[in-house]
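See below for the structure under consideration.
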Amino acid sequence: MSDEPPVVAVALNEESYTRELLLERGEFTLCVLSMDQLDEILFLGSVSGRDVDKLSVVGWRAAQAREVGAPVLDNALGVLECRVRQTVQVDEMTLILADVVRAEVVEGTFNDRHGWDLRRVKIPLHAAGRAFVEPGRLVLADAGRFRAGKG
Ligand SMILES: Cc1cc2nc3c(=O)[nH]c(=O)nc-3n(C[C@H](O)[C@H](O)[C@H](O)COP(=O)(O)O)c2cc1C
């Protein structure tokens with residue numbers, strides 16, 4: 001949503017157990033995962049934590065985040081620790097705006113100027129169903145081509 005202050009937005013369905021816990025505690029983490037974890041991602045997004053201990057099925061473990069009272073995946077490329085700032089109800093979806101209070105990435109995978117180093121990390125974007133897109137190339141626009149002027 002915004003770099004300064006760092007704010008993220010997530011949208012969660014009203015049936016989601018994640019939504020219930022997140023609103024109850026007012027804190028959560030966002031974990032950035034990798035293309036080689038696709039099968040796990042699909043599974044974790046297909047069953048509810050109300051019915052299944054999902055992490056144990058895929059053999060993953062959660063640790064405690066540093067700043068917020070929420071679990072964090074110990075095998076993530078990056079983690080954002082977040083505190084809920086505002087919620088907006090849109091039919092059955094809740095849009096959650098949250099302040100990022102701490103951010104951590106695996107060393108050497110991210111730089112402040114251009115973001116993720118896509119030569120080193122492959123981060124899946126969800127397309128639809130079990131389809132994902134792999135962003136593979138960083139392309140810089142020409143910042144000097146157009147200039148604002150009086151015309
Ligand atoms: C790749 C992927 C992305 C998803 N993104 C969202 C999302 O942004 N919001 C949402 O409410 N559900 C999303 N889902 C669906 C939930 O993960 C799914 O309903 C899950 O069973 C909810 O689990 P929970 O009840 O433990 O929270 C996504 C599923 C997948 C596979």
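Each value in this text was obtained by applying a stated rule to the coordinates, not by laboratory testing. As the structure is a prediction and not an experimental result, all values here were calculated from the model. With ideal geometry, Cβ positions are generated from the backbone for all residues, glycine too; neighbour counts draw on all protein chains shown.
Listed by Cβ neighbour count within 10 Å, with the fewest neighbours leading, Val90, Val133 appear as Val90, Val133.
Using the Cβ of Arg102 as centre and a radius below 12 Å, the other residues enclosed give a net charge of -3, where K and R count +1 and D and E count -1.
Report summary: the helix-based calculation at 222 nm, which adds -39500 (n - 2.57) for every DSSP H run with n ≥ 4 and divides by the residues of the chain, gives -3500 deg cm²/dmol. Centre-to-centre, using Cα atoms only, the range 1-55 and the range 107-123 are separated by 22 Å.
Computed about its Cα centre, the charge dipole of the chain is approximately 700 debye, with only Lys, Arg, Asp and Glu carrying charge at their Cβ.
Rounded to the nearest Hz, the phi-derived 3J(HN,Hα) couplings of the range 9-20 under the Karplus curve 6.51 cos²θ - 1.76 cosθ + 1.60 (θ = phi - 60°) are 10, 10, 10, 10, 5, 5, 7, 5, 5, 4, 4, 4, where x marks glycine and proline.
Only Cα pairs under 8 Å and 6+ residues apart enter the sum, and on that basis the relative contact order of the chain stands at 24 percent. Between the alpha-carbon centers of the range 62-78 and the range 82-100, tell me the distance in whole angstrom. Taking the Cα centre of each part, the range 62-78 and the range 82-100 sit 20 Å apart. With a Förster radius of 41 Å applied to the C-beta separation of Glu4 and Asn75, the computed FRET efficiency comes to 0.90. Computed over neighbours whose Cβ is under 12 Å from that of Val72, the net charge equals -2, Lys and Arg +1, Asp and Glu -1. Counting charges near Glu15 (Lys, Arg +1; Asp, Glu -1) among other residues having Cβ under 13 Å from its Cβ returns a value of -3.
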